[in-house]
Amino acid sequence: MSKHIGVYTNTHYHGYESQIVSRDPLIMYINNFLSISEASHFLHLSEGKFQPSPLYRGDDVLIDETRRLSEFVEVKRDDLVKRVERRARKFQGWRRKSTQLQPPRVQKYKEGGFLDYHYDWDPLVDDGNRVTTFMIYLTDNCTGGETNFSRVKKFKDPRWCSSILDCNSTYPGITFRPVAGSAVFWENMYPNGSLHDKVIHAALPVLSGEKIGLNLWFWDSEWKKSQGET
Ligand SMILES: O=C(O)CCC(=O)C(=O)O
Ligand SMILES: [Fe+2]
């Protein structure tokens, strides 16, 4: 096996392609972030282990099916999972040592499943918060189930609209279609650390079929609320 720029799986060369979607907030689209066999591995790891997904706010954990209807599994970190974690860490330039990945979660939305508009940052914590997010699609055999950023300006470039964005969506802002293996990456804070108000997003209702995604959330334990209040 010779060395090229890129990422190796055990036996196959793996490469992804990334594009900027929005600069403020920073949102990137990453085509082929996982190979299909890697996506299948996450599906296999989570099979038969799903439980209802709660919402979190500070120390509160609650099930509220009027705001989130999905099931999740926190996957065991085997070699393949660790390799994907390294890829995600490297993608964002490793960041500082205080930035750590929350254990990856596979998230399943059956027909009718959704997650209402929310921020991945938690307004109630003072120390440490979710600074970046990868939303990785593991399957795409559904209608609906897109990821919508309602406060990011809509654009209708046919190069984006053909497969990545649903440019005719009736929802405001930009709407990513689930494409298996692809990922959406975003920064949850402004560069000065304050909470970004335009990264509000939702998992739109699955209209038919089933959507399964993988959430990677990076926490910075040195983030401080006071640093963000400008
Ligand atoms: O499933 C999606 O499209 C988005 C999920 C999400 O935003 C979350 O789990 O925080
Ligand atoms: Fe989210």
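In table form, for the structure just shown:
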| read-out | value |
| --- | --- |
| Counted residues, the stretch 39-72 - those being hydrophobic (A, V, I, L, M, F, W, C) and within 27 Å of ASP127 (Cβ to Cβ) | 5 |
| Any hit, the stretch 214-224, residues being in contact with a Phe, Trp or Tyr (Cβ under 7 Å, 6 or more places away or on another chain), at pLDDT 95 or above, open to solvent by 10 Å² or more (accessible area, probe 1.4 Å) and closer than 30 Å to SER35 by Cβ | no |
| Counted residues, the stretch 105-129 - those being near ligand 1 (Cβ under 9 Å from one of its atoms) and either among the polar types (S, T, N, Q) or touching an Asp or Glu at 6+ places or on another chain (Cβ under 6 Å) (or both) | 2 |
| Among the residues listed as THR143, THR139, THR175, the single one being open to solvent by less than 30 Å² (accessible area, probe 1.4 Å) and not in a loop (DSSP other than H, G, I, E, B) | THR175 |
| Strands (runs of 3 or more DSSP E) contained entirely in the stretch 46-95, each with at least 2 residues that are more than 26 Å from MET28 (Cβ to Cβ) and either modelled with pLDDT of 95 or more or open to solvent by 50 Å² or more (accessible area, probe 1.4 Å) (or both) | 60-62 |
| Options LEU204, LEU195: the member that is within 14 Å of ligand 2 (Cβ to nearest atom) and more than 17 Å from the chain's Cα centre (by Cα) | LEU195 |
| Extreme residue, farthest from ligand 2 (Cβ to nearest atom), among residues of the stretch 207-225 that are over 13 Å from the mean Cα position of the chain (by Cα) and of a type in the set (Gly, Ala, Ser) | SER208 |
| Matching option when the condition is within 12 Å of ligand 2 (Cβ to nearest atom) and within 14 Å of the chain's Cα centre (by Cα), among THR139, THR147 | THR147 |
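The values are calculated or read from the model by the stated rules, or taken from the named source; none is laboratory data. These numbers were taken from a predicted model, which means no experiment stands behind them. Because the Cβ atoms are built from the backbone with ideal geometry, glycine has one as well, and the counts that use them run over all protein chains shown. Just the protein is used for accessible areas: all its heavy atoms, side chains included, with ligands, DNA and RNA removed. Shrake-Rupley method; radii C 1.70, N 1.55, O 1.52, S 1.80 Å.
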